[in-house]
Structure formats: C-alpha cells, structure tokens
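Working notes, beginning with the structure itself.
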Amino acid sequence: MNPAEKARPAKLHVFIPSYRNPDLLAETLESLIRAMDRELRDGVVLATCVDDASPQSLEPVVQSCGRGRVEYVRNDTNLGIIPNFNHCTSLARAPFVMFLGADDLVLPSYWPTVEAMIQRYPGAAVYAPGVAEIDSCGRRSSSLSYFIKRAISPFLARFRMVDLGGSRLAVHLAIGDFLYFPGLCWRTEDLRRQPFDPKWSDAADWHRLFLIALEGGHLVVDHREQVFLYRRHSRSASEMSAGSGRRFENERILSRHMCRLSKEKGWWMAAAMGWLHPMVRMNALSRRVMTAVLKKN
C-alpha cells in the first residue's frame, strides 16, 4: 500500500458506546473487524469503543478483539446512554458517525452500501440502510416490532434509494419510528450543532430525526439489502424500558409534541399522524398481549 492511500482522510467514525456485557461487546467488535478490516487499516473508517465507566474495564476485550484497529476510551464517570452518545460525537474525527450498539453486528456490505448512498445523495443528514434482527444467541429472528417497522417504512425503499425530506419525512416519522438507531449513519456537523436531547431518553434519536425534518434536512433510506443485525434481547436497555412501560409513555408524549410542531409548520398530515401515533399504540398493545399470554402460561 502506498503512502498516499494511507493518508486518505477518514470518512466514517464508528463509535461503540459500551457499558458492561463484555461477551456481547466481543461479538460486536469481531463483526466490525470482519466487515471493515481493510477500511480500518487504511484509515477510511475509524473505530472507538467508549466505555461509560463500567464497573470492570472493557479495555481487555477491546485489546483482544479489536486487533489494534479499535481505540478505547473510558469515561471518568457514568454519563448515561444519551449523554454518552453526545460525548462520542464530540470525539468524532470524520464527517459521518455511527453509533454501533455494543450487542449488535455489522455486516461487510454495510459501508459499501452507506458510501453509495452518500455518493448518490451527498447533502443528506442521515442514511438508513437495511436492518435485520437477531436474538440473544445471534440467530436471525423477526419480532412483532420488526414487522410493524417494516410495514410503516417507505415501501419504495425495498426497491431503490428513497430520499425523504421536509413534510414528507415528518409524516413518516409521525406515523412511527421505523428506523434502527444503531444502524444509522449521521452527519457529524449536524449532531454537533444540535445534539441528542437526553430528555427524550430512548426516543432521543426519533426526536432528533424529526427536528431534521423541521429544519428541511433529508434522510436517505435503502432497504434493498440487510447490512446490519440488530440484537433484540431482554437485557437490552430498550427492552427493559419497554417492559416497564416507560418507553411507550415517553413515545406518546413525543408524538403529541410532534403533532404540535407540525401544526406550527402547517403540516396537517404529519400533525394528524402525531396525534394518532399508530406505531406507539400498536407496540404498546402488542406488549400488553405478550405479557398477558406469558402470565397465563
């Protein structure tokens, strides 16, 4: 490899915000190395594991599985999930960032797919490639939430890239959050200008995406190929939040907030969808049904 190739500026900074669960983190790091080893060696992609003050340091896992390609940073104190995402953004050294879940897996086609999306629509704020779900053992699975997300996602994105912006994007988001946060690629400067709001907790990414719509920004969706594996399991923060009901209440409040913001813009369809919040209702109902069935059994 010649020096000119090594000097190429980084395009993507992958952050792995982490807290405990070293075994799952090891799987995540191994998948990252398999998927982007060449890009990591060339410096086109950077990777940093940000340990949010886990009781036991995760540095040995990063050193063992990262093969010298993944930087390790440990916070002095526990910041919490959303503040840690914002901290990651402050550390970014590339124009785009990804917040890879410390229990998720990335596939080799992830970066080529996202890079093609960036080349086709260079001005977008966020890029959303296709995502599949896996269970706690890493096996492909399809939860009810997966089918709901798929049902409300842009249909044409199954066949080509779809560019959504303004009121059109707002309508899709007001219907429900059809995206998987860890699989998204964000423009760094946008997140630095307006970070995630910790007030919205699990829905902070959904809120930030809606603000992008209000600002006239764009989201590009391409679901022709599944290039990222989202792990849905009982120990994840989102599942524990859903189990307590806290997440659905937070999402209902945010939906009504989207309704008010849409009314102010004169986006009446988005306002109506925010008031109805169909996906939040469906997810909450499905959770109650599943809980009742489990109790009965």
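The values are calculated or read from the model by the stated rules, or taken from the named source; none is laboratory data. It should be emphasised that the depicted structure is a prediction, and the values quoted were computed from it without experimental measurement. Methodologically, a virtual Cβ is constructed for each residue, glycine included, from the backbone with ideal geometry; neighbour enumeration extends over all protein chains shown.
Key figures for this structure:
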item: Residue check, Arg232 surrounded by 18 or more Cβ atoms within 10 Å (Cβ to Cβ), at pLDDT below 95 and under 29 Å from His13 (Cβ atoms); result: yes
item: Filter result for Asp202 (among the charged types (D, E, K, R), within 30 Å of Arg93 (Cβ to Cβ) and either touching a helix residue (DSSP H, G or I) at 6+ places or on another chain (Cβ under 7 Å) or assigned to a loop (DSSP other than H, G, I, E, B) (or both)); result: yes
item: Criterion: more than 17 Å from Lys11 (Cβ to Cβ) and outside the structural domain of Leu179 (by TED's automatic domain parsing) - qualifying residue of Val131, Val73, Val45; result: Val73
item: Failed item in (1) of a type outside the set (Val, Ile, Thr); (2) under 17 Å from the mean Cα position of the chain (by Cα); (3) at pLDDT 95 or above, with Tyr146 passing the rest; result: (3)
item: Condition check for Tyr72: within 17 Å of Pro182 (Cβ to Cβ) and modelled with pLDDT of 95 or more; result: no
item: Residue within the stretch 65-79 that is within 21 Å of the chain's Cα centre (by Cα) and basic (Lys, Arg) present; result: no
